[in-house]
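Q: Take this structure first; my questions come after.
Read the figures in this text as sums done on the coordinates, not as results from a lab. As the structure is a computational prediction, the values presented were derived from the model and not from experiment. In this analysis, Cβ positions are derived from the backbone assuming ideal geometry, glycine residues included, and neighbour counts consider all displayed protein chains.
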Amino acid sequence: QVQLVESGGGLVQAGGSLRLSCAASGRTSSTNTMGWFRQAPGKRREFVARITGSGGSTRYSDSVKGRTTISRDNAKNTVYLQMNSLKPEDTAVYYCAVSAWIMVAPSDVQYWGQGSQVTVSS
């Protein structure tokens, strides 16, 4: 089992920045893909970004590309999501995700964090 604990969510004004962190514990592996999904009220959970174990490959959804950077520190078993130029439509619960394989959809995820609320005010 892998446990994921998220931090860093909150309320921010449009145009602002926020950094989410997710610390993994338990049966972690530096080869796991780590990433983030989000779910807005009344909408399906959607892919945001992911990073491979080596950190050499990243992928972003079109909605956040150019405004968001995902990174990881394998020594700390932690993944980060730096979000800039935030928009009201970025408001959602953000979920940390871990999998032994590449993630592009919720069905690809093996372990989920508890979720962290991000609210962007206009």
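Q: Could you work out the percent of alpha carbon pairs in segment 27-79 separated by over 16 Å, rounded to a whole number?
A: Here the tail beyond 16 Å accounts for 44 percent of pairs.
Q: Over segment 63-122, what lengths in whole Å, largest first, do the semi-axes of the equivalent ellipsoid take, defined as the square roots of 5 times the eigenvalues of the alpha-carbon gyration tensor?
A: For segment 63-122, the semi-axes come out at 22, 14, 12 Å.
Q: For Ala40 paired with Ser107, estimate the spin-label separation in nm (one decimal), with each label point 7 Å from Cα along the Cα-to-Cβ line.
A: So the two model labels end up 2.4 nm from each other.
Q: Right, another one. With N residues in the chain, what two-decimal value do you get for its Cα radius of gyration over 2.2 N^0.38 Å? Don't jump to the answer; show the numbers that get you there.
A: Details: Rg = 13.2 Å, N = 122, 2.2 N^0.38 = 13.7 Å.
Cα Rg divided by the expected 2.2 N^0.38 Å: 0.97.
Q: Taking Cα pairs under 8 Å and at least six residues apart, what relative contact order does the chain come out at, in percent?
A: 35
Q: Here is a follow-up. Write down the percent of antiparallel bridges among all DSSP beta bridges whose residues are both part of the chain, to the nearest 5. Could you put the intermediate results ahead of the total?
A: Numbers: 38 of 42 bridges.
Roughly 90 percent of the DSSP beta bridges within the chain come out antiparallel.
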